[in-house]
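My questions will all concern the structure given below.
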Amino acid sequence: MPNDAQIDTARAAVQGAVPGLAAAPGLSGRPIGEILREIAGLDPARLEEALALQQGEQAGQRLGEILVRLKAVSEEDVLRALAAQLDLPFVERIDPESVPGELAAKVPIHFAKQSKVLPLGTAGDAIRVAVGDPLDTAAQDSVSMLLGAAVAPEVAPPQVVLDAINAVYDRAADEHDKLMEDLETEDLESVAHELQEPTDLLEADDEAPIIRLVNSLLFRAVKERASDIHINPEEKDISVRYRIDGVLREVIRPPKRFQASIGSRIKIMGGLNIAEKRLPQDGRIRIKIAGKDVDIRLSTVPTAHGERIVMRLLDKSNVVLDLAELGFEDWQLKVMDTLITRSHGIVLVTGPTGSGKTTTLYAALAKINSPDLNILTIEDPVEIPLKGVGQVQVNPKIDLTFASGLRSFLRQDPDVIMVGEIRDLETAEIAIQASLTGHLVLSTVHTNDAAGAITRLVDMGVQPFLVASSLVGVLAQRLVRVLCPTCKKPYVPTAEERALAGLTPEILRQAGNPTHLYKAVGCPACNHTGYQGRTGIYELMMVDDDVRPLILKSVDATTIKRAAVERGMVTLMEHGAYKVARGITTAAEVLSVTAEDIR
């Protein structure tokens, strides 16, 4: 971060190096109102009116903003006045061709647009930076850190800065595509090794390797189908892990001294405050890697050894939106088709975090989506854009919750409503009322099995008769890893193994009476894990005339589940056992996610 002396030196360098950019003389430090009266002819009466508003109902707002709203002066007048007050140059236009590409490449485009900043060139030891808001010193400090030098701000109209940013980064698009191609052959370990090598302090330039390391981490994560990247600072180094097919795997351990640089680079990409390290922050990164649009949810939390960073990756080009490809059996698909094509009622999907509930709901919406249906969703956050569907993201800061959004939806003449999650009584009651008034409602709850969803609603405070009259079906699901087809190995299980995996004679008969099961081995195709991809196992419970009386009696989930099983419901463990018998997954995988089904 530059000190006052560096800033003064930078300002002098700019004003000496670029003719015509000197600030208006004699106005530095004077009140903004006085300057506007002198350079923009501001009416004193309008100034008094604005000052009165600033001290009253618009307290805390900038005087310049109030004057612009009153149409007493223009936005450009205020910027010129601020430039004069701060003794900064004011520029009316920016020539994109004069902006060095290597400087722009150091500032992420989304940060540049959000903060309205753009490096223009060097002037002595400083770097000239166009700023749309000269009072946003945090953005200037961030740019200084990114560029590794003191910055000399030059005030420009925000739209002028944005237009120049678009032109400069469009010009650099081809260079960026070339970089992504190079990353495909970049070896992550070699980049990390480069960081380990001692360098001459007079020639040190750590920023380029850090940027390459972060880019390589993201590229490799997408290439290896990772769903999350965990960056965990430890006492002596940093642990970087990928979650692939639901399992965390360490990929690299960069040196501890690069912790701050890696964290700052990622936080800048996510539009977070790099100076704030004591509080958790959430952000979002949108990138394109090898032609794929990747949306990244960023979360940071302070820990004893520094900020822990988790990035959740969503490859929009690789999202499965077809129920038939999610692991449903043919008869399950027929039942699901019946449920999601109903005109009214509630369909719930249950399971723990990361069990694929949202993907199932998206696939269901994609199947029924058509021009003759009005479909609305409220989510936290909106993960996958669906064409023709109205998708709303919750925002607690402005009191846009699941409940308030759902209540507004009822005035939008919907046919189908999707609620990301039913978390409280208010949301549950509005969803039930919507279903009882002729709407199909799809949502999720966090329970272990299908029957547990019913008792969860009752525990929230919903009257049992409302649950019984509105709920039409509950789908419980888990994700299990799929055996690698290249290296999976057959073996003959013992009778004990068959019994533990739930491989009953009926399940074996349905699977064609296999004599062998398969186990994971590991090969280069699956990164030596033995598994490649994941599939779902499902427990689909219809709320019919046998289940409704039990709901009205407020019986426990075990009783409801027993009644559903007697009516032919296939449990999670039974569906998993069927997939084990067919050689799709292993008994260990199924048992790891269905332990509650073991009696």
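Could you tell me which of rounded, prolate or oblate describes the stretch 46-170, using a ≥ b ≥ c as the square roots of the eigenvalues of the alpha-carbon gyration tensor, with rounded for a/c under 1.5 and, failing that, prolate when a/b is larger than b/c and oblate otherwise? Before the final figure, lay out each step's value.
Values: a/c = 2.29, a/b = 2.11, b/c = 1.09.
Here the stretch 46-170 falls in the prolate category.
Protein chains only, probe 1.4 Å: how do ARG93, ARG62, ARG249 rank by accessible area, largest first?
Of ARG93, ARG62, ARG249, the descending order of accessible area is ARG93, ARG62, ARG249.
So for the chain, averaging the separation of alpha carbon pairs under 8 Å that are six or more residues apart and normalising by length, what relative contact order in percent results? Please list the in-between numbers first.
On the way: 1021 pairs, mean separation 50.3, N = 599.
Dividing the mean separation by the residue count of the chain yields 8 percent.
Of all the stretches in the chain, which is the longest one without any exposed loop site, taking GluC sites (Glu not before Pro) in a DSSP loop (any state but H, G, I, E, B) with at most 10 other Cβ atoms within 10 Å?
Details: sites that count: GLU57, GLU92, GLU203, GLU235.
It works out to 236-599.
Now for a separate question. Rounded if a/c is under 1.5, else prolate if a/b is larger than b/c, else oblate: which is the chain, with a ≥ b ≥ c the root eigenvalues of its Cα gyration tensor? All intermediate terms of the calculation are to be shown ahead of the outcome.
Working: a/c = 3.02, a/b = 1.65, b/c = 1.82.
Because a/c hits 1.5 or more and a/b fails to exceed b/c, the chain counts as oblate.
Determine the order of TYR531, TYR578 by accessible area, beginning with the largest, at a probe radius of 1.4 Å. List each step's numbers first, then the result.
On the way: TYR531 20, TYR578 45 Å².
Ranked list, largest accessible area first: TYR578, TYR531.
Take the alpha carbon atoms of the stretch 370-412, find their center, do the same for the stretch 245-321, and report the distance between the two centers in whole angstrom.
27 Å
So if I place +1 on the C-beta of Lys and Arg and -1 on the C-beta of Asp and Glu, and nothing else carries charge, what would the dipole magnitude of the chain be about its Cα centre? I want it in debye, nearest 20.
Details: 64 positive and 84 negative charges, 382 e Å.
In total the dipole reaches around 1840 debye.
Students sometimes get this wrong: rank MET573, MET418 by accessible area, probe 1.4 Å, all chains present, largest first. Intermediate results must be reported in sequence, preceding the final value.
Details: MET573 25, MET418 5 Å².
Sorted by accessible area, descending: MET573, MET418.
Taking amide hydrogens as modeled 1.01 Å from N in the peptide plane, which residues meet the under 5 Å criterion relative to MET418, leaving out close sequence neighbours?
LEU376, THR377, ILE378, LEU442
Could I ask something else about it? Straight-line reach from LYS387: which lysines have a Cα under 28 Å away, not including same-chain ones fewer than 8 places off?
LYS113, LYS223, LYS288, LYS292, LYS316, LYS334, LYS357, LYS367, LYS397
With an 8 Å cut-off on Cα pairs and a minimum separation of 6 or more residues, tell me the relative contact order of the stretch 265-319 in percent. Each step should come with its number before you reach the end.
On the way: 89 pairs, mean separation 15.0, N = 55.
About 27 percent, as a whole number.
Let me ask another. Report in % the part of the accessible area of the chain that belongs to carbon and sulfur, leaving out ligands and nucleic acids; probe 1.4 Å. Mind dumping the intermediate values first?
On the way: 14440 of 28590 Å².
About 51 percent, which is the carbon plus sulfur part of the accessible surface.
Enumerate the amide H contacts of ARG128 below 5 Å, restricted to partners 5 or more residues apart or on another chain; note that Pro and chain-start residues carry no placed amide H.
Here the answer is LEU120, GLY121, THR122, ALA123, ALA152, since their amide H atoms fall under 5 Å of that of ARG128.
Here is a further query. With a 1.4 Å probe and every protein chain left in place, work out the accessible area per residue of the chain in Å², rounded to a whole number. Show your work: numbers first, answer last.
On the way: 28590 Å² over 599 residues.
Normalised by residue count, the accessible surface of the chain is 48 Å².
The values are calculated or read from the model by the stated rules, or taken from the named source; none is laboratory data. Not measured: the values here are computed from a predicted model. Heads up, the Cβs are rebuilt from the backbone with ideal geometry, glycines too, and the neighbour counts pull from every protein chain shown. All accessible areas refer to the heavy atoms of the entire protein, side chains included, with ligands and DNA or RNA removed. Shrake-Rupley method; radii C 1.70, N 1.55, O 1.52, S 1.80 Å.
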